[in-house]
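The values are calculated or read from the model by the stated rules, or taken from the named source; none is laboratory data. Since we're looking at a predicted model, the values are computed, not measured. Cβ sites come from the backbone with ideal geometry, for glycine too, and all protein chains shown count toward neighbours. SASA here: full protein model, heavy atoms, side chains in, ligands and nucleic acids out. Shrake-Rupley method; radii C 1.70, N 1.55, O 1.52, S 1.80 Å.
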Amino acid sequence: PTPRGPPSTNTHRRMHAPDPPAPEAATATAHPPESPPSSSALPPAEEDTAGGFERLRILVVEDEDFAARVVQALCEKCSYEVTIARSAEAALDFLAADAARPATEQFNLILVDIVMAPGRMSGKELLLALRVERVERCVVMMSAIHQRAMVEECIRSGAESYLVKPIRLEDVARLWQVVMRDHFA
């Protein structure tokens, strides 16, 4: 049988990641990866004057504790700086505070889970709010939902990309490419 979803999705792979660190702090500074997936997928190590950022700073919007810790651990393996928001509403608060920082210290990317706790703003609603408020950040959606219609809807609504859970290290390692593509668009 043919897997559903776009060809770049990872619909049939299981992630075997080490136990991620406990979420003691909302922001963590990452350490260099011990064994990179491939040299072409690595993020830029030094400041890229054309891109204007030294390190990828990601706001991860994920309400499930385990999933947030896994994504955080994968991002840290890629030397990304990570901040976790446990709801779409918390993400809006982080972004409001982020706007006061110099542009070189702001989030480069917002990685948003689509499904949030019942009664809370969903990831899709957050994406629409970001676009209505004209928040100029690269947004990548993530979900275990790998239906083509969902992917297309997110892209039409302004997401730059879509990752299918379980997220793999290779997926996270390529996020800087999405940010650079968005930056130069």
- Message: Need one number: nm distance between label points at PHE184 and ASP65, each 7 Å from Cα along Cα→Cβ, rounded to one decimal.
- Response: 4.3
- Query: Bin by bin, in steps of 10 Å, what percent of the Cα pairs in the range 75-185 do you find, going until the bin that has the longest distance?
  - Reply: 13, 48, 35, 4
- Item | Heavy atoms of ILE84 accessible to a 1.4 Å probe, total area in Å² rounded to 10 | 20
- Item | Area accessible to solvent at HIS183, 1.4 Å probe radius, in Å² | 100
- Query: Residue separation times 0.36 nm, minus the C-alpha to C-alpha distance between ALA100 and ARG156: what's the value?
  - Reply: 17.3 nm
- Separation between the GLU89 and ALA149 pseudo-spin-labels, each 7 Å from Cα along Cα→Cβ, expressed in nm? 3.0
- Query: Can you pull the accessible area of GLU89 for me, 1.4 Å probe, Å² to the nearest 10?
  - Reply: 60
- Item | Point-charge dipole on Cβ atoms (K/R +1, D/E -1) for the range 42-184, about Cα centre, debye to 20 | 340
- Task: Can you pull the one-decimal nm distance between simple spin-label points at GLU170 and ARG137, each 7 Å off the Cα toward Cβ?
- Result: 2.8
